[in-house]
Amino acid sequence: MGDCSNSKLLPMCDSGEAPFDARRYSKLVHDNVHGNIYLDKQALNFIDTEQFQRLRELKQLGLAYMVYPGAVHSRFEHSLGVYWLASDAVHRLKTYQGQELGIESFDVQTVKLAGLLHDVGHGPFSHLFEREFLPRVRGGIKWSHEDMSLKMIDYIVDENSIDIDSGTLKKVKEMIVASEAGKSVSSKEKQFLYDIVANGRNGIDVDKFDYIERDTRACGLRCNFQFQRLMETMRVIDNEICYRAKEYLTIHKLFSTRADLHRTVYTHPKMKAIEFMVVDALIKANDHLEIDSYIDEPAKYWMLDDTIVKTIEASTHQDLEESRNLIRRIRRRDIYQYCNEFTVPKENLEHFKNVTAQDIICSQNSDAHLNEEDVIVTNIKIDLASGRNNPLERVSFFQDYDSFEKFHIKEDCVSQLLPTCYQDLIVRVYARDPKLVDAVTNAFEIFQTKTYGKKTQVHGISEKKRRLKYNDN
């Protein structure tokens, strides 16, 4: 990237100088996904801080590397990737529609910084920290890594005396949380800019482009989705980024690939078992280490990362003994045992209530002696980024580059092979003690029969696992 023959957009400096002149103000970094990328001076002001460098110690996929050994990439390279794609996207729009849309250097810089800084508030172990750990130690708390990113940005600016005007900073933060609000906070005249990094309108954004490509590569999986086609054909109509009608199936592949990653990687049964062990270890260590207190102050929070597990493991303090033992079990692959799962029947989705450990305990045989703490139940929701709805219903298309009207496309106009259901609910059960696999499995099967009149699970548990209760642990 950087040669005139390269089809990707070359970086432009804010003053509008030629791309080759812009190299004097940029740093060249080679990324294993996007190739050579250029980091401008303002981006480097943030990157070269202790707080941003923390992202190197946060694995993008949390504990997935315990199942997929190559999944050791970090939030750091993902953030650089999103920065580059955000830069590419806004430069493309400026090149082809800049005069029409009034895209200025200010807009370009805010989009790029939003891409760079969108994950600086992320907690350890991917989403485990905010979705599993915090709710159990601070019940009812409303906390998100996006909101923490806003606090961290302010802290980084103040702590490192970064020269950035308040208007730019405000817009950067609004763009980061745009997917939560679904609209810009302070301005609507350039709403399309808020759809580039975190798209609350239809879910198509460069954040997904990067992590889908990066995660599939790291896990050794094939990726059918080509984000480049969408980058090259996007166009703004009526303040919204639209796509050529012929790219309908490309967009469908974006959402289906994301769903496949959730099923095969992000919620892999063995990985989830290890996640539950790490959560238990963090909870047992919380009274001593006060891990949850780190979220109260950015000055403390930036020092919290994946190495917290090593801190527990290396400690000799008596209060951390239970946590250490759990981590040692993980090292020795003596993990919580996956018992079984079932997919909630389609006709029961609408009125489905989450299954709890108590539901399984109440279904056990009279000769079993299970307690709630013996059982872990997780209710996994996998969809196409729009709940039970078709995400493409929210996407606007245009016919060709001579047309100026946007429209929606009905799925049956494209193919009869596309899905008619857009969400899976999977109920999965684990046993904390390998010796209890048989009892938990039986209780789970009884629960299914009581609830649905039959066992809805597809496969049974192996006899080898069932016999674990007769063997020494």
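Seen against the Cα atoms of the chain and their longest principal axis, helix 166-176 is set at about 50 degrees. Loop-located GluC sites (Glu not before Pro) in segment 296-371 (DSSP state not H, G, I, E or B) with no more than 16 neighbouring Cβ atoms inside 10 Å: E350. Cross-link partners of K41 among lysines, defined as those whose alpha carbon lies under 16 angstrom from its own and excluding same-chain residues fewer than eight positions apart: K27, K112. Of the accessible area of segment 341-431, computed with a 1.4 Å probe over protein heavy atoms only, carbon and sulfur atoms account for 45 percent.
The Rg/Rh ratio of the chain, with both radii computed over alpha carbons and Rh defined as the Kirkwood radius, is 1.00. For K190, the aspartates and glutamates whose Cα falls under 12 Å of its own Cα, not counting residues fewer than eight places away in the same chain, are E100, E104, D107, D238, E240. Over the C-alpha atoms of segment 92-182, the Rg to Rh ratio, Rh being the Kirkwood estimate, stands at 1.08.
Taking a Cβ cut-off of under 12 Å around I291, the surrounding Lys, Arg, Asp and Glu residues balance to a net charge of -1, with basic ones at +1 and acidic ones at -1.
A probe of 1.4 angstrom, applied to the heavy atoms of all protein chains, finds M148 with accessible area near 0 square angstrom.
Per-residue Karplus couplings for segment 289-299, computed as 6.51 cos²θ - 1.76 cosθ + 1.60 with θ equal to phi - 60°, are listed in order as 8, 6, 4, 5, 6, 5, 6, 7, 9, x, 5 Hz, Gly and Pro entered as x.
Under conditions of 25 °C and 0.890 mPa s, segment 31-137 yields 160 µm² s⁻¹ as its translational diffusion coefficient, taking Rh as the Kirkwood radius over Cα pairs in the Stokes-Einstein equation. Amide H to amide H distances under 5 Å link C339 with V429, Y430, A431, where only residues 5 or more positions off or on other chains count and H is placed in the peptide plane. Restricting the chymotrypsin sites (Phe, Trp or Tyr not before Pro) of segment 371-467 to loop positions (DSSP other than H, G, I, E, B) with no more than 12 neighbouring Cβ atoms within 10 Å leaves Y401, F404.
Across the chain, C-alpha contacts under 8 Å between residues 6 or more apart give a mean separation that, scaled by the residue count, equals a relative contact order of 13 percent.
In this entry, segment 290-448 is assigned a mean projected area of 16.9 nm², taken as a quarter of its C-alpha convex hull surface. The label point for V414 and the one for K381, both projected 7 Å from the Cα toward the Cβ, are 2.3 nm apart. Does segment 116-269 come out rounded, prolate or oblate, given a ≥ b ≥ c as the square roots of the eigenvalues of its C-alpha gyration tensor, rounded meaning a/c under 1.5 and, failing that, prolate meaning a/b above b/c? Cα axes put segment 116-269 in the oblate bin. In order along segment 126-134, phi translates into HN-Hα couplings of 6, 9, 4, 4, 8, 9, 10, 6, 4 Hz, rounded to whole numbers, per the Karplus curve 6.51 cos²θ - 1.76 cosθ + 1.60 with θ = phi - 60° and x for Gly and Pro. Residues in the chain average 47 Å² of solvent-accessible surface per residue, probe 1.4 Å, ligands and nucleic acids excluded.
Think of it as helices only: each DSSP H run of n ≥ 4 in the chain is worth -39500 (n - 2.57), and spread over all residues that comes to -12000 deg cm²/dmol at 222 nm. Straight-distance candidates among the aspartates and glutamates for linking to K59, with alpha-carbon spacing under 13 Å and chain neighbours fewer than 8 residues away dropped: E77, D119, D215, D305, D306. For the pair K353 and N325 in one chain, pulling the backbone fully straight at 0.36 nm per residue adds 6.7 nm over the alpha carbon distance. Principal-axis analysis of the Cα atoms of the chain puts helix 248-261 at an angle of about 40° to the longest axis.
D by Stokes-Einstein for segment 227-289, Kirkwood Rh over Cα pairs, 10 °C, 1.306 mPa s: 104 µm²/s. Round to a whole number: what % of the accessible area of segment 206-331 belongs to carbon and sulfur, probe 1.4 Å? About 44 percent, which is the carbon plus sulfur part of the accessible surface.
Packing around the peptides 93-102, 118-127, taken as the average count of other Cβ atoms within 10 Å per residue, puts them in this order, highest first: 118-127, 93-102. Converting phi to 3J(HN,Hα) with the Karplus coefficients 6.51, -1.76 and 1.60 and the offset θ = phi - 60°, segment 323-330 yields 5, 4, 5, 5, 5, 5, 4, 5 Hz in sequence order, with x at every glycine or proline. Each Cα pair under 8 Å and six or more residues apart adds its sequence gap; the mean of these over the residue count of segment 329-391 is a relative contact order of 24 percent. Between the alpha-carbon centers of segment 302-328 and segment 238-252, tell me the distance in whole angstrom. Value for the Cα centre distance between the two parts: 48 Å.
Computed over protein heavy atoms with a 1.4 Å probe, the carbon and sulfur contribution to the accessible area of segment 67-120 reaches 53%.
The values are calculated or read from the model by the stated rules, or taken from the named source; none is laboratory data. The model shown is predicted, which means the values in this text are computed figures rather than measured ones. Counting neighbours? That spans all protein chains shown, and the Cβs are built from the backbone with ideal geometry, glycine included. With ligands, DNA and RNA removed, areas are computed over all heavy atoms of the protein, side chains included. Shrake-Rupley method; radii C 1.70, N 1.55, O 1.52, S 1.80 Å.
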